[in-house]
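**Q** This is the structure I want to talk about, given as structure tokens.
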């Protein structure tokens, strides 16, 4: 089972996957026997939110795999979500704090490229996916059948994460996310400059900048961006993190520096880039302090909590600036601010906020755009493609492109729909030393490993100009089939070869049938 | 397959100088580890030679040469295709090789972390070397004077393991140090891997590194060829206090084990023979009992007795350090083991805290800052309890030194003369340095400063020739604590390990045979190797395994030869990828697929005649043809549909015909009466 997430838009049973379908597919089995393992690609709730429910409530006891950072950071996300669900919305809790702890204890951490033999047949391997710290694409192989499930990925590097990286693999199937199936994005630098300009302008005018952000991911990305800018511009204005979660998250980021981008890793020989020079803790009492500052506050879409509290105080001043993430769920204040330019927001019947501050919308997304999806698909050249994690009309558009431009059959099944994909199967036979030697293996030796745009090991010997190998397949009762050379077969049979020649018929020959045959070269 | 052991562990022991081998698999030449025996450095006088240089009189006063039999042997072999490195110390000699033209295409495989530590160690070595060069100047042409005389003899005898044969002594392993560009060149040839990552060499060999437990980044290599799979097992620990434990489960599939853990030859084990007696008994009972299940062996391996002893030793060292501090003395700890340094740092901070002593701790090394910072950012390479520090929310760091650094109790400086050191310097203090030969200026300066005071303490690793090492600092009043540390598998765990791994063949050091008796009635066989000798290793599979895709299999046209045997002609492309041969259907299927090309046995003239007649061919034996004795040549004359003549001898048949369709008819008839494919 790839990922075990939840739907943020639903608050009833629809929020979790329909686990009953697992049992329906294998009658008589329980969850543990029906699934070989669960692999989680990254710590976002739409990929992991239902995991504690699945293991602690549904009772799945089999292996669970995720990368080291995901295992370290997922509990923060899960606990944060559980709190919002129970404390703020007053909903019945689906799983407890202990459930999260117990669930995470069962997780086996994965390193990138580490090949894991899950059971006798199943092999899995994680590849770097960008997106968020610890995000992985998963390669899975059963016998000769192989597939890659991308999870969410990013094909362009950002400040703190590298771009997705995968080897050339022989795949029957690629299952890829398609959040931006139709969008092509422009250069990131321009958008970064725009953001920094807006922030700098605000603070130099004595204003306060509120950056509502989730604890993990964008917050670190923007923080690196700002810390670096502050250093270059020699700015002394404080950058604050709202207490708790984010500071703790930065501590994890420090231990997990090996999972960030190459640039960060290279710059980090002595100084850890997550030791931010200009960033400090925020005290609640600072809200009303005069003077400029930058503040990171959770949650990201100003849906409540501390970011809302600060927003209430800072929104009425036109000197201040609020930056919004690229996407906000309907119903949040973030969403209201994005749609149109409201001057007044009604929180409830009694409270309303006058909005006079500047609004800047961030357009950094950690997802690949449609060009990235096409590039990855072309690079991996799978036999089939399935699109997931996207919106139907866009997916339909991308499917057409993949089928027409890349010539690969492509599907985008709806929930509860089943797609059957034919897979490769090789019979295992043996071959003699002589047969192998007779085929030119030298080409494979000469072909050095080529690196490609996504880097990695090239399939050696996959070039089209090899010699045709010819041998005899010997099938003996109660023995494995075996390929050998012609003379080895004769030797095995204990028989002498019988050569067959074709000669032109000379009329004189008929008369003198007794004369010797001319030892001419065989001709046809 | 061939194996040549080119070097057994030097005087530095398994940790500092692992053994080295040349292994040839399917024509691919592999070098396994390439260390340098740094204990030879003790024969050189430290620089600068001050007035108080003690009894350095007969030490060599020159720019040092370095002893690497592994590099010499690999160079002599004319190059290798790949080098597999199992530890940072195992790569110290590599730049000697990679600078040679015959190694231009050699690829080096090493774990990411070992490469990082190895590079730092090589940098440190070059830095120390440059101190000598600064003092003596660069070598002039030709070999230095000391290489001919008495001094050389002394140097070689300091390398305890070397048998000195006066005649024809091979000096090839004695080399001048490589340069910074050599090191860069070496790192360029390096491909780093993670634990559990499979890499393919040459399309044919699959290489995989698994943790060995001895040190951060150290690994056991799995080498999978098409006809054999080999485990290269260097020194290994099953439970570690810092590095990820030996992942022996991933080695279970391999047929052959190259056992290269010589640590039980070390002095340390002798001392501990008594200590280990109980365990010995337990092991013996394990060996005797029939049908002991694997779990008991696994239990024996994962018992943390070894590491408990190691922690006890560390605690003892810490108590000695704290005693010295209490008496007003300073402590110098020149130990080259990363794990030991990290553990001592953790324990000493507790010890000092509990006795309320506040003394600064210095780590003085070019690599200090880097080492200290990256060790807190490599959770994937650490033992499980340390990984838990990442996953549990209580701890803020993976190692205790992060706290020490934050509290300003640990100071890191590249050199003694570094800016800021004097300001922080306060005696008594504790100083760590990575050089264990005591020839690096940091250790030299501090020893000169402290050697005359008996309150001071020097912590040395056992196995070093202490007398020779300390010679330049005599007479010394400083207390010397010689410690030994875990360096590999204990003898009592060897057989349980083999029982768990279930190999078919074990390649075992001849030298260890007496110390570690082979298990009687073991289901595997032994081959013993010794230094300098080449042994042949049989493949475990005679044939190669080839994948036959179902679409190719369906295209086959098998022919039944008798009840038990069928044969089919196979035309396909043979691909070799990631160690697997696969036959792939050719793109253009030739139309000759039903053409027989190989025939055997004799053709019976009578049966051919009736076969021809069945096909409506008018034919007959020539008039003068008599049914002669077997072995005679016979002919058949064909008159319709075309004219032809078939001549049959026991070993060949000739069809004389000008008409293509008639030829085909004859050929078909012949095929039906003759064995062929």
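**Q** When only residues in segment B:455-480 that are over 25 Å from residue B:125 (Cβ atoms) and part of a loop (DSSP other than H, G, I, E, B) count, which is modelled with the lowest pLDDT? Lay out the reasoning, then the answer.
**A** Going residue by residue through segment B:455-480, those that are over 25 Å from residue B:125 (Cβ atoms) are B:455-457, B:474-479.
Those left that are additionally part of a loop (DSSP other than H, G, I, E, B): B:455-456, B:474-478.
On the way: B:455: 95, B:456: 96, B:474: 81, B:475: 84, B:476: 86, B:477: 92, B:478: 94.
Looking at the filtered set, the residue picked out is B:474.
**Q** Which members of segment B:362-384 meet the condition of being without any contact (Cβ under 8 Å) to a residue 60 or more places away in the chain and more than 29 Å from residue B:447 (Cα to Cα)?
**A** B:376, B:377, B:379
**Q** Which residue, of A:138, A:108, is more than 12 Å from every other protein chain (Cβ to nearest Cβ), within 23 Å of the chain's Cα centre (by Cα) and at pLDDT 95 or above?
**A** Values: A:108 fails: more than 12 Å from every other protein chain (Cβ to nearest Cβ).
Result of the check over A:138, A:108: A:138.
**Q** List the number of the failed condition for residue B:552; all other conditions in (1) within 14 Å of chain A (Cβ to nearest Cβ); (2) under 38 Å from the mean Cα position of the chain (by Cα) hold.
**A** Going through (1) within 14 Å of chain A (Cβ to nearest Cβ); (2) under 38 Å from the mean Cα position of the chain (by Cα) one by one, residue B:552 breaks only (2).
**Q** From the list A:500, A:505, which residue is closer than 12 Å to residue B:645 by Cα, at pLDDT below 85, facing chain B (nearest Cβ under 7 Å) and buried (at least 18 other Cβ atoms within 10 Å of the Cβ)?
**A** Details: A:500 fails: closer than 12 Å to residue B:645 by Cα.
The match here is A:505.
**Q** Regarding residue B:531, is this residue in contact (Cβ under 8 Å) with a residue 12 or more places away in the chain, over 30 Å from residue B:317 (Cα atoms) and surrounded by 14 or more Cβ atoms within 10 Å (Cβ to Cβ)? Let's see the steps before the verdict.
**A** Working: in contact (Cβ under 8 Å) with a residue 12 or more places away in the chain: yes; over 30 Å from residue B:317 (Cα atoms): yes; surrounded by 14 or more Cβ atoms within 10 Å (Cβ to Cβ): yes.
Yes, satisfied.
**Q** Hey, any hits in segment B:496-510 for a residue that's assigned to a strand (DSSP E or B) and without any contact (Cβ under 8 Å) to a residue 40 or more places away in the chain?
**A** Scanning segment B:496-510 turns up no residue that is assigned to a strand (DSSP E or B) and without any contact (Cβ under 8 Å) to a residue 40 or more places away in the chain.
**Q** Somewhere in segment A:74-83, is a residue more than 14 Å from every other protein chain (Cβ to nearest Cβ) and buried (at least 23 other Cβ atoms within 10 Å of the Cβ)?
**A** Here is the first cut: in segment A:74-83, the ones more than 14 Å from every other protein chain (Cβ to nearest Cβ) are A:81-83.
Adding the requirement that they be buried (at least 23 other Cβ atoms within 10 Å of the Cβ) leaves none.
No: segment A:74-83 contains no residue that is more than 14 Å from every other protein chain (Cβ to nearest Cβ) and buried (at least 23 other Cβ atoms within 10 Å of the Cβ).
**Q** In this structure, does residue A:113 turn out to be crowded, with 20+ Cβ neighbours inside 10 Å, under 24 Å from the mean Cα position of the chain (by Cα) and on the phi > 0 side of the Ramachandran plot? Quick ask: steps written out before the conclusion?
**A** Details: crowded, with 20+ Cβ neighbours inside 10 Å: yes; under 24 Å from the mean Cα position of the chain (by Cα): yes; on the phi > 0 side of the Ramachandran plot: yes.
Yes; evaluated as a whole, the condition is true for this residue.
**Q** For segment B:209-267, which fully contained strands (runs of 3 or more DSSP E) count at least 1 residues that are closer than 22 Å to residue B:342 by Cα? Break it down into steps so the answer makes sense when it comes.
**A** Values: elements: B:219-224, B:229-233, B:256-259.
The qualifying strands (runs of 3 or more DSSP E) are B:219-224.
Matching residues to (1) touching a helix residue (DSSP H, G or I) at 6+ places or on another chain (Cβ under 6 Å); (2) within 30 Å of residue A:36 (Cα to Cα); (3) buried (at least 24 other Cβ atoms within 10 Å of the Cβ):
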site	(1), (2), (3)
A:159	yes, no, no
A:170	no, yes, no
A:184	yes, no, no
A:191	no, no, no
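**Q** Taking residue A:419 as meeting all but one of (1) modelled with pLDDT under 85; (2) more than 30 Å from residue B:546 (Cβ to Cβ), write down the number of the exception.
**A** Of the numbered conditions (1) modelled with pLDDT under 85; (2) more than 30 Å from residue B:546 (Cβ to Cβ), the odd one out for residue A:419 is (1).
**Q** Something else: Condition test on residue B:452, is it more than 35 Å from the chain's Cα centre (by Cα), surrounded by fewer than 22 Cβ atoms within 10 Å (Cβ to Cβ) and in a loop (DSSP other than H, G, I, E, B)?
**A** Numbers: more than 35 Å from the chain's Cα centre (by Cα): yes; surrounded by fewer than 22 Cβ atoms within 10 Å (Cβ to Cβ): yes; in a loop (DSSP other than H, G, I, E, B): yes.
So residue B:452 fits the description; yes.
**Q** Considering (1) buried (at least 16 other Cβ atoms within 10 Å of the Cβ); (2) without any contact (Cβ under 8 Å) to a residue 24 or more places away in the chain; (3) part of a helix (DSSP H, G or I), say which one residue A:334 fails and leave the rest.
**A** (2)
**Q** Return the residues of segment B:622-645 that are more than 9 Å from chain A (Cβ to nearest Cβ), within 15 Å of residue B:606 (Cβ to Cβ) and at pLDDT 80 or above; say none if nothing qualifies.
**A** Selection gives B:634, B:636.
**Q** Just to be sure I understand, how many residues within segment B:421-449 are surrounded by fewer than 24 Cβ atoms within 10 Å (Cβ to Cβ) and at positive phi?
**A** Residues in segment B:421-449 being surrounded by fewer than 24 Cβ atoms within 10 Å (Cβ to Cβ) and at positive phi: 0 in total.
**Q** For segment A:164-182, indicate whether the set of residues that are free of Cβ contacts under 8 Å to residues at least 60 places away in the same chain and either outside any strand (DSSP E or B) or more than 26 Å from residue A:372 (Cβ to Cβ) (or both) is non-empty. Can you show your working first?
**A** Step one: list which residues in segment A:164-182 are free of Cβ contacts under 8 Å to residues at least 60 places away in the same chain, which gives none.
No, because not a single residue in segment A:164-182 is free of Cβ contacts under 8 Å to residues at least 60 places away in the same chain and either outside any strand (DSSP E or B) or more than 26 Å from residue A:372 (Cβ to Cβ) (or both).
**Q** Select from segment A:347-359 the residues that are more than 14 Å from residue A:302 (Cβ to Cβ) and part of a strand (DSSP E or B) and list them in ascending order.
**A** The answer is A:352, A:354, A:358.
**Q** Could we say that residue A:150 is surrounded by 19 or more Cβ atoms within 10 Å (Cβ to Cβ), over 25 Å from residue A:383 (Cα atoms), at pLDDT 90 or above and not assigned by the TED database to the domain that holds residue A:223 here? Let's see the steps before the verdict.
**A** Working: surrounded by 19 or more Cβ atoms within 10 Å (Cβ to Cβ): yes; over 25 Å from residue A:383 (Cα atoms): no; at pLDDT 90 or above: yes; not assigned by the TED database to the domain that holds residue A:223: yes.
No; evaluated as a whole, the condition is false for this residue.
**Q** Considering segment B:467-481 alone, what residues qualify as being in contact with a strand residue (DSSP E or B) (Cβ under 6 Å, 6 or more places away or on another chain) and buried (at least 16 other Cβ atoms within 10 Å of the Cβ)?
**A** Those that are in contact with a strand residue (DSSP E or B) (Cβ under 6 Å, 6 or more places away or on another chain) and buried (at least 16 other Cβ atoms within 10 Å of the Cβ): B:478, B:479, B:481.
**Q** Which of the residues belonging to segment A:111-135 are under 18 Å from residue B:378 (Cα atoms) and either part of a loop (DSSP other than H, G, I, E, B) or facing chain B (nearest Cβ under 9 Å) (or both)?
**A** If we filter segment A:111-135 for residues that are under 18 Å from residue B:378 (Cα atoms), which is where we start, we get A:111-114, A:126-128, A:133-135.
Once the filter is applied, which keeps residues that are under 18 Å from residue B:378 (Cα atoms) and either part of a loop (DSSP other than H, G, I, E, B) or facing chain B (nearest Cβ under 9 Å) (or both), segment A:111-135 yields A:111, A:112, A:113, A:114, A:133, A:134, A:135.
**Q** Ok, one more. Residues in segment A:410-434 that are exposed (fewer than 14 other Cβ atoms within 10 Å of the Cβ) and part of a loop (DSSP other than H, G, I, E, B): how many?
**A** Count: 9.
**Q** Residues that are at pLDDT 90 or above, over 23 Å from residue B:223 (Cα atoms) and touching a helix residue (DSSP H, G or I) at 6+ places or on another chain (Cβ under 7 Å), at least 1 per element: which helices (runs of 4 or more DSSP H) completely within segment B:43-147 meet that? So that I can check it myself, show each step before the final result.
**A** Working: elements: B:69-76, B:94-98, B:112-136.
In segment B:43-147, B:94-98, B:112-136 are the helices (runs of 4 or more DSSP H) which contain 1 or more residues that are at pLDDT 90 or above, over 23 Å from residue B:223 (Cα atoms) and touching a helix residue (DSSP H, G or I) at 6+ places or on another chain (Cβ under 7 Å).
**Q** I need the helices (runs of 4 or more DSSP H) fully contained in segment B:313-404, keeping only those with at least 3 residues that are farther than 17 Å from residue B:117 by Cβ. First the steps, then the outcome.
**A** On the way: elements: B:338-354, B:368-374, B:384-391.
Of the helices (runs of 4 or more DSSP H) lying wholly inside segment B:313-404, those with at least 3 residues that are farther than 17 Å from residue B:117 by Cβ span B:338-354, B:384-391.
The values are calculated or read from the model by the stated rules, or taken from the named source; none is laboratory data. Just so you know, these numbers come straight off a predicted model, no measurement behind them. Cβ coordinates were reconstructed from backbone atoms using ideal geometry, including for glycine residues, and neighbour counts include every protein chain displayed.
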